[in-house]
Amino acid sequence: MTCKLAICDDNEEYAQFINGLVAQWAEQTGVQARTARFPSAEAFLFRYEEERDFDILLLDVEMGGMDGVELAKRVRRQDDGVQIVFISGYADYIAEGYEVAALHYLTKPVDGDKLFQVLTRAVGRLRRNAPALTLELPGETVRLPLSAIRYLDVSHNYVTVHAGRDYSVKRPLAELEKGLDSRFFRVGRSFILNLAFVRRASRTEAELTTGERIPLPRGQYEKLNRAIIDRI
């Protein structure tokens, strides 16, 4: 299994320490862990606008600017499947973890064995609960969380799924559509949009939070606009 983790801590030395522990855990468990480190909540949110395919968030609670709890609340509004783990030098914020369904609260200095146990639990939850689209690609099987998929489009006999990166498969769009949920809206015969990524819509196109523009066929604006309103 491939797992994408974000380590958000304004202490670079400690972020590197946590990153090292994650690498040890991945080697022991066989999980393909991809990590990204962020020095602030704001830096993470900037990346999150474009890439919402993180599986596990390791968040320092006390950071300059936005704290880890507020960051978790913002992410949770968009993604109910991501596993959130708080890390802090104090135990004062444990109660707030319940508001965002945090998996665990670790106090500094973090014990490696405890972190390993928490990460293993997180992966178990992801495997059981997170809605995802599974793609069979040459030489590998990729499991994409639905929350990370921006849109799908079809060209000739291939469908491209746009998530953190692009994945093309030779399957009918209608077949892949069966693996999606109510957050997705089909635009004509060629596109399926994740409504969570739609920034605005006009009669000719939909603009995503990433700046990508999806052309709207005639008659689709009203339907898309209604789907966006119904989702609010």
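Can you give the accessible area per residue of region 1-85, in Å², using a 1.4 Å probe?
Values: 3750 Å² over 85 residues.
I get 44 Å² per residue for this part.
Determine, from the Cβ-Cβ distance of THR120 and LYS223 and an R0 of 35 Å, the FRET efficiency 1/(1 + (r/R0)^6), rounded to the nearest 0.05.
0.20
Can you give me the relative contact order of region 4-114 as a percent, contacts being Cα pairs under 8 Å and 6 or more apart?
Numbers: 162 pairs, mean separation 27.5, N = 111.
Contact order relative to length: 25 percent.
For region 1-55, taking Cα atoms only, what is the radius of gyration to one decimal and the Dmax to the nearest whole Å?
Cα radius of gyration and Dmax of region 1-55 are 11.6, 32 Å respectively.
Net charge within 10 Å of GLY65 by Cβ-Cβ distance, Lys/Arg positive one each and Asp/Glu negative one each, not counting GLY65 itself?
Values: positive: none; negative: ASP10, GLU42, ASP67, GLU70.
With Lys, Arg at +1 and Asp, Glu at -1, the neighbours total -4.
Whole number in Å², please: accessible area per residue of region 101-232, 1.4 Å probe, ligands, DNA and RNA not counted. Kindly include the intermediate steps, with their values, before the conclusion.
Working: 7260 Å² over 132 residues.
Value for region 101-232: 55 Å² per residue.
Where the accessible area of region 151-210 is counted over protein heavy atoms with a 1.4 Å probe, how much of it, in %, is carbon and sulfur?
Heavy-atom surface of region 151-210 belonging to carbon and sulfur, 1.4 Å probe: 44 percent.
Give me the percent of the accessible area of region 1-91 that comes from carbon and sulfur atoms, probe 1.4 Å, all protein chains in place.
43
Quick one: work out the % antiparallel among DSSP beta bridges in the chain, nearest 5.
Of all bridge pairs located within the chain, approximately 60 percent are antiparallel.
Roughly how many whole Å is it from the C-alpha centroid of region 199-225 to that of region 101-163?
Value for the Cα centre distance between the two parts: 28 Å.
I need the shape label for region 134-177. Rule: rounded when a/c is under 1.5, else prolate if a/b > b/c, else oblate, with a, b, c from the alpha carbon gyration tensor.
On the way: a/c = 1.59, a/b = 1.13, b/c = 1.40.
It is oblate, given that a/c is not under 1.5 and a/b is not larger than b/c.
The values are calculated or read from the model by the stated rules, or taken from the named source; none is laboratory data. Note that the structure is predicted; figures quoted are calculated from it, not measured. So basically every Cβ, Gly included, is an ideal-geometry build from the backbone, and we count neighbours across all protein chains shown. To get the accessible areas, we keep the full protein, side chains included, count just its heavy atoms, and leave off ligands, DNA and RNA. Shrake-Rupley method; radii C 1.70, N 1.55, O 1.52, S 1.80 Å.
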